[in-house]
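Encoded as C-alpha cells, the structure appears first; notes follow it.
The values are calculated or read from the model by the stated rules, or taken from the named source; none is laboratory data. These figures come from a predicted structure and were not determined experimentally. Cβ coordinates were reconstructed from backbone atoms using ideal geometry, including for glycine residues, and neighbour counts include every protein chain displayed. Areas reflect the complete protein model, heavy atoms only, side chains present, ligands, DNA and RNA absent. Shrake-Rupley method; radii C 1.70, N 1.55, O 1.52, S 1.80 Å.
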Amino acid sequence: MPKRAPRRVMRVVLNRDLIVHTAVGLVEREGAKALSMRAVGAELGVTAMAMYNHVPDKEALVRGIAEYVMGGMDLPEERPGDWREGARDLVRAFRRTAQEYPRCMALVVANRTGIPVGLRVIERALVICAQAGLDTVTSVHVVRSLMAYVLGSQLREAGMSRLQRQKAGGLADDLRSLDAEKFPHVVALPCELSEHGSDASFEFGLELFLSSVEVMAAGRST
C-alpha cells in the first residue's frame, strides 16, 4: 500500500510590516492591554522568538504601531492666510485617523515611543498657533487641549455606541423612564442626549474651541 504524502505545513513568511499590521488589528480588537510579543505571535501562529529579528521588543512594536497609524494620516495643505481654516483641516484629519484607529491612537498618544512619529502633526499645530498670534507657552497648552478634545470625543462616541448596543430599547428609553421631578431637563431631551457620533456635535465643540483661541490671541495683542 503506497504511503501517503506527509501533510504540507504552511509557514508564515514574517516581516516587520506583517507583524505591525497584526499588532494593530489586535489592539483595535482587544485593547492595548492585550498587546504583547507573545500575543502577536499567537495571532500569526509563530513564537515570539521568531519575530525578534524583525521587531526586537514591545517598545519597537509600539513604535511600529505609531508609524502605521500616524504615518497614514494625510496632513492637509497649509493655509498661511487663514489660521482658523488651517486648524479645522488639521483637527478633522486627526479625527479621521482617531476614528479609524481609536485604540491604537490612544496607545500612541499615551506612550513616549510614539512621540517622534507624531511630531509632524505637533509642528503643524504649533505653526497654526503662531499664525493665530499665541505665545509659545499658550501654544503648547492649546495643542495639548485640542488633542485631548479630539481623543475625548472619540472615546465618548465609542462608549456611547457600545452602550446603545447593550440596551435593547436604547439609551433614550432609559432616560425617558427617569424621575421627571429630579431630572426634568434630562427627561425632556432623551433623543438629543443619547445621540452619538455626530459630526455636528464635534464641529460645534471645535468652533467653540477656536473662538476661545481667537479671544485669547486678541487679548494678548491689545
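Assorted remarks:
- Net charge contributed by nearby residues that have their C-beta within less than 14 Å of Arg220 (K/R +1, D/E -1): -2
- Maximal additional length on extending the Ala130-Ser211 stretch stands at 27.6 nm, based on 0.36 nm per residue less the C-alpha distance.
- Over the chain: Rg over Rh, Cα atoms, Kirkwood Rh: 1.12
- Solvent-accessible area, 1.4 Å probe, carbon plus sulfur percent, for the chain: 56
- Dipole magnitude of the chain about its Cα centre (Cβ charges: Lys, Arg +1; Asp, Glu -1), debye to nearest 20: 1540
- Efficiency of FRET between Glu59 and Asp173 - r from beta-carbon atoms, R0 45 angstrom, step 0.05: 0.45
- Once C-alpha pairs closer than 8 Å and six or more residues apart are averaged by separation and normalised to the residue number of the chain, the relative contact order reads 16 percent.
- Order by protection proxy (mean Cβ within 10 Å, highest first), peptides 140-153, 92-105: 92-105, 140-153
- In the context of the full set of protein chains, residues of the chain present 62 Å² of accessible surface per residue (probe radius 1.4 Å, heavy atoms only).
- Between the beta carbons of Glu192 and Arg156, assuming R0 = 22 Å, the FRET efficiency works out to 0.90 to the nearest 0.05.
- Axial C-alpha extent at least 30 Å, average Kyte-Doolittle at least -1.0 - helices from the chain (DSSP): 136-166, 199-221
- Per-peptide average of other Cβ atoms within 10 Å, ordering 70-82, 30-42 highest first: 30-42, 70-82
- Using the Cβ-Cβ distance between Tyr52 and Val137 with R0 = 41 Å, the FRET efficiency computed as 1/(1 + (r/R0)^6) comes to roughly 0.45.
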